[in-house]
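Inspection log for the structure reproduced underneath, given as structure tokens.
What follows draws every value from the coordinates through simple rules; no lab data is involved. What you are looking at is a predicted structure, and each value in this text was computed from that prediction instead of being measured. Please note: Cβ atoms are built from the backbone with ideal geometry, for glycine as well, and neighbour counts cover all protein chains shown.
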Amino acid sequence: MRGYLLRRAIGAVIVLFALSLVIYALFYVAPGDPARLACGPRCNPEQIRQVREQLSLGDPVYVQYWHFLQGLAAGHDYSTGTGVLHCDAPCFGLSYQNDQQVTDLITQRLPVTASLALGAMVLWLLLGVGSGLLSALRRGGTTERVLTWLTLAGTATPVFIIGLLLLMLFCAYLGWLPFPSYVALTEDPEQWAWNLLLPWTALALIESAKYARLTRSSMLETLAEDHIRTFRAYGVAERSIVGRHALRGALPPVIALTALDLGSMFGNAVLTETLFGLPGLGQLLVHATRTVDLPVVVGVVLVTGAAVVIANIVADLLYAVADRRVALA
Amino acid sequence: MSPLDTPEPLVQVADLSVTFPVGQGAAVRAVDGLSFTMPPGGALGIVGESGSGKSTVAYGLLGLHRGTGAEVTGAVRVAGRDVLAAGDAELRALRGPVAAMVFQDPLSSLDPYAAIGDQIAEVYRVHRRDASRRAARARAVEVLDRVGIPDAARRARARPHEFSGGMRQRALIAMALACEPRLLVADEPTTALDVTVQAQILGLLRELRAETGMGLLLVTHDLGVAAGNVDELLVMKEGREVEHGPAREVLDAPREDYTRALLAAVPRIDVRRAAGDTATAAGEPLLEATGLRREFGRGKRAVTAVDEVSLTIRPGETVGVVGESGSGKTTLGRMLVRLLEPSGGVLRYRGRDIGGLRERELRGFRGEAQMVFQDPVSSLNPRRSIGESIADPLRTAGELTGSEIEERVRRLLHRVGLDPDAYHRYPHEFSGGQRQRVGIARALAPEPKLIVCDEPVSALDVTTQAQVVELLGDVQRESGIALVFIAHDLAVVRQVSDRVVVMRDGRIVEEGPADAVYDAPRHPYTRGLLAAAPSLAPAEAAA
Amino acid sequence: MSAGTLEERPAAVAPPAAPSGARQVWRRLRARKSALIAAAVLALLVVLALAAPLLGALEGQDVGAYHDGLVDSARGGVPIGSYGGVSGDHWLGVEPGTGRDLFVRLLYGARVSLAVAAGATLVQVFIGVAVGLAAGLGNRLVDSALSHLSDVMVALPMLVFAIGVTAVVPSSFPRPVLLVFVIGLLAWGGTARIVRAQTLTLKRLDYVAAARLGGASRLRIARRELLPALAAPVITYAAILLPTNIVTEAGMSFLGVGVTPPTPSWGQMLSTATTWFRADPMYVLLPALLLFTTVLAFTVLGDGLRTALDPRAASRLRVGRTGRAARRRKRGTPA
């Protein structure tokens, strides 16, 4: 077990390292000139030259990358002309736009995205797994038909459409809820939840459709297995069969999906944040992309990549615990 | 049907029909008007080939068709209870304490996530509501111990994948035993097991019957399995009864043609091949293996599948390779035709070392050695017509024109007993036996010197099996091709082989002329195998 | 990232599906009414998209023409008239703020949406099949490297990366083409994994061994025995990719990093609509409805196609287990 964890950790570090290399190469080497991008379209050559010096873009690429890694591992000192600005590890550099530390920008935004994602996750797991189970157990009935079409509609709806419709309905027409604006959990838990209610619902409705489909098919597959037949042949009541044996076999794939799906969930979270105006990582990323603020883009992309890699390891462990036949090797 | 004077039979089936819907209004009648009875403590064997409906009958006794969409008519009474009319709760009460079932595949029949002892305890507590958890656990250990699981208290905590196949089947029998049923329904209980394990499980069933006095309904395709273990035999074909009577009578003096044909097709382990059938090995060795090894996996997890095997095959002879699962016989066969590369040792074809050659260097050898595979489903590409599959090696060789190839394929189809016009038909249009014939035609196409047959008949019904074995023998005599015949079934191997090698754990434990090995086995393992093989003869069957 | 690799232990060899001749597939597909309706809807949509210039001419409107007179500048640019300014000249009304014709813009949006999604799917399938085949047929090292890469590609937050990549590409680069490549190059992991798993299963089948014994070369085996069998799962998976790509494109355009104005796109319209939904709900509902219908139709058709191509594997394709169901019985067959 410990050996497995160690190996997975090393693997994760390698993946992250490769990721940083690729992203760095992509963003700093090809195809445009970062100095020109950073400076904006109305810069004259003299300004561009200044920017290039400031960002030490004159150095060879590998030296730049080395500095970047150094910054990540040990922090970095920047001269601002008047003094020295220290950027603690992990340092992703300074924003082109306002010279703020990228790490600070990210840590400010992280709680918003985490609030959105975790809250929605609770909701969609309940909703998705619940309705998936229900439709598997009510096979052939009206419940199943209705749920099947609902989940199909759910998989076919982009999150920003659901979000928009929810906004229109509950905020604009019915006026039951205020237009969401983020309030920190530490500030006012009640307002935090009220403001996040719509974003949570939008994200959860979309994500839960996938889980409902998977839970349903996984449950049906498990119910068709031979060992279920054994318990039926020994007079075990259907309820115990489902609760004790079928559920156990049906859940591991759902856990596996949670990990695989985290990446696409991040995408949906970005869309949700933008739609509802939540100041999270997604909004930061979109804004940075529009203003070609490369250090911020690199920072956000790497942080989300790392989050997914780590979440995958956690999910693998959970999977192994749930499916005890899988030896961790 | 035998008259019974017992006031209340254990099982009473009258005019039972089971129909399965197969979609779009079509339906298949799996059981058609079947009637029989069985006295308390009796033992009835239902035998038949695949599709005869024998398992469907077994499921019907426990009402397991309920909720599957199958239409069941007639009457089924088990220990006086009307199975078809019983309510759900009544049916659940019947399943276990009255009639318990043992299934074919012991691995998939147990919950992979739960400890075996817990599963037995759960079933026990369903029927003994007053039993405490602790008492149920103790009962599980007790029955596991009874069915011969060593160190039952500890092993009860293991999950199914930690058990061997035979142990799993014992565990399933223990689950049945825990409920003290009056009737045990066993559906192909030993089909997935090796022959020595099969003998142990059958022995256990006999012991338990004698001890508890429960009735046994044994469903099997193997007449040998039924022979020594039941009092009465019911032969089924296409959902109907063919013949029903005391086991010895049915086996020794069958009344119906179908039963006679079925019995005639069962390969006999104790019968020598006709003298004219045997070939004398002569001439230079065709294929010569010396110290052949093959490992799978690396490092700590490496497994040696074939270990220092030396074997010589001469032109025109048939070498039988027998062994239980895991003996390395399939791996050996695949190495002989160089589908697998040996990890060690020397493999010579007509004096040339081919053991280490790469795919491209093997070009001269390909076509010389062919293979007939076990699974008639996966051995033919479902997307290509059978003619194309057979023609493939000829096209690759590129020596013949298109029309010559087609002519040759047609001749081959005729040779293996198929219609030459079947050229353009697809594998799914053929039965298992016919597909094996296609496989043989394909192996013959490049005019090889050697054909390795890997369990060529083990997926077939006994009558088809006999026909395919006969075809292989004919082809071999005619063409003088050397055959390597790999099988787990000792009797089948004896029917075709000049020489036999017995494999165990990757090694050859005994080798010699077929009659010598079968009539006077020297190695204790061979003796054990031969003793365990099911037989139709009364004396041996009882052993 | 091997929550996914669990799915691909081809421990037991699954026998190949019943032959999926085109006729049988068609027969099974025809039996599903929902799939047929979906196909009809999509066919209509494709025709409409292709005929967009023609239909625009018929209506007498142009994609880019502003109509300041049709919006109420006093109320911030809300279209004059009911239902977003529906009239004989403007069949579906006009865009708030600019007064551009909505009908034509929606049709042109369909062109962008479908073209980008189809292009991206092609790129994904091409790379996925190449990588999957190479992993399935290559040696241990190649396989391990490529399947790790595929796993990473599957798990990574694709939209986040896509947004990031668009940051560095000069705005002069044609956006739809960029989107095709960004989406295509980032989301081929799933296809590669499915192709690899299928290849591993197939290459263990006896008929492939028989082809080797017949002297067929690797290339011939790949072409004659493997590729035809891969067609069904690949088509099926492509049918899942297509709607996903439509949503991705719409999402990126919604965020303002996809198709840039003046090229119309559904996602972009929805983005603009966030500021108008109170005053002009039609402007939200029309593109939303179109996008929803398109994606739903593709999903339903994909589901139908999957069932028609391989009834048994249908449940397995969406992330799931293989192997357990594909157990091979050692001897004999049950009655």
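Here is how the number arises for chain B: DSSP H runs of 4 or more residues each give -39500 (n - 2.57), the sum is divided by the residue count, and the result at 222 nm is -10000 deg cm²/dmol. Under a 5 Å amide H cut-off, with hydrogens placed 1.01 Å from N, C:ASP72 pairs with C:GLY77, C:VAL78, C:ILE80 among residues at least 5 apart or on other chains. In whole angstrom, how far apart do the alpha carbon centroids of segment B:430-471 and segment C:89-145 sit? After rounding, the separation between the Cα centres reads 50 Å.
Placing unit charges on each Cβ (+1 for Lys and Arg, -1 for Asp and Glu) gives the protein assembly as shown a dipole about its Cα centre, and among A:VAL270, A:VAL63, C:THR299 the Cα reaching farthest toward its positive end belongs to A:VAL63. Under the shape rule built on the C-alpha gyration tensor, where the axes satisfy a ≥ b ≥ c, the protein assembly as shown is prolate, since a/c reaches at least 1.5 and a/b is greater than b/c. Within the straight-line cut-off of under 24 Å between alpha carbons, the lysines reachable from B:LYS237 are B:LYS54, C:LYS330, sequence neighbours fewer than 8 places apart in one chain being disregarded. What the phi angles of segment B:222-227 give under the Karplus curve with 6.51, -1.76 and 1.60, with θ = phi - 60°, is a coupling list of 9, 4, x, 5, 5, 3 Hz, glycine and proline written as x. Fewest-first ordering of A:MET168, B:MET236 by other beta carbons within 10 Å of each residue's beta carbon gives A:MET168, B:MET236. GNM remark for chain A: springs join alpha carbons under 10 Å apart, and the peak mean-square fluctuation among A:THR157, A:THR258, A:THR103 falls on A:THR157. Computed about its Cα centre, the charge dipole of segment A:105-328 is approximately 800 debye, with only Lys, Arg, Asp and Glu carrying charge at their Cβ. Given the C-alpha centroids of segment A:266-285 and segment B:10-61, what is the distance between them in whole angstrom? One Cα centre to the other: 63 Å. Spin-label model, B:ALA26 to B:THR401: label points 7 Å out along the Cα-to-beta-carbon direction sit 4.2 nm apart.
Sorted ascending by nearby beta carbons within 10 Å, beginning with the fewest, B:ASP421, C:ASP101 become B:ASP421, C:ASP101.
Helix A:142-156 and the long axis of chain A differ in direction by around 10°, with both axes built from C-alpha atoms. The overall shape of segment B:211-335 is oblate: from the C-alpha gyration tensor, with semi-axes ordered a ≥ b ≥ c, the ratio a/c is 1.5 or greater and a/b is no larger than b/c.
Assign one of three labels to segment B:18-85, namely rounded, prolate or oblate, based on the Cα gyration tensor with a ≥ b ≥ c the square roots of its eigenvalues; rounded applies when a/c is under 1.5, prolate when it is not and a/b is larger than b/c, and oblate otherwise. The shape class here is oblate.
Per-peptide packing, taken as the mean over residues of other Cβ atoms within 10 Å, places C:289-298, C:247-256, B:315-324 in the sequence C:247-256, B:315-324, C:289-298 from highest down.
Cross-link reach is defined here as a Cα-Cα straight distance under 18 Å, omitting same-chain residues fewer than 8 places apart; for C:LYS203 none of the lysines meet it.
Applying a DSSP loop filter and a limit of 16 other Cβ atoms within 10 Å to the trypsin sites (Lys or Arg not before Pro) in segment C:127-211 leaves C:ARG204. Helix A:189-223 axis versus longest C-alpha principal axis of chain A: approximately 50°, rounded to the nearest ten.
Are there trypsin sites (Lys or Arg not before Pro) in segment B:499-533 that DSSP marks as loop and that have at most 14 other Cβ atoms within 10 Å, and which are they?
Here the sparse-neighbourhood loop sites are B:ARG522.
Cα centroids of segment C:182-211 and segment B:167-197: 40 Å apart. Taking the C-alpha atoms only, the angle from helix B:432-444 to the longest principal axis of chain B is near 10 degrees. Considering only beta bridges that DSSP places wholly inside the protein assembly as shown, some 60 percent are antiparallel. With q set to 0.06, 0.07, 0.10, 0.13 Å⁻¹, the log10 of I(q)/I(0) for chain B, from the Debye formula over equal scatterers at the Cα positions, is -0.34, -0.47, -0.92, -1.34.
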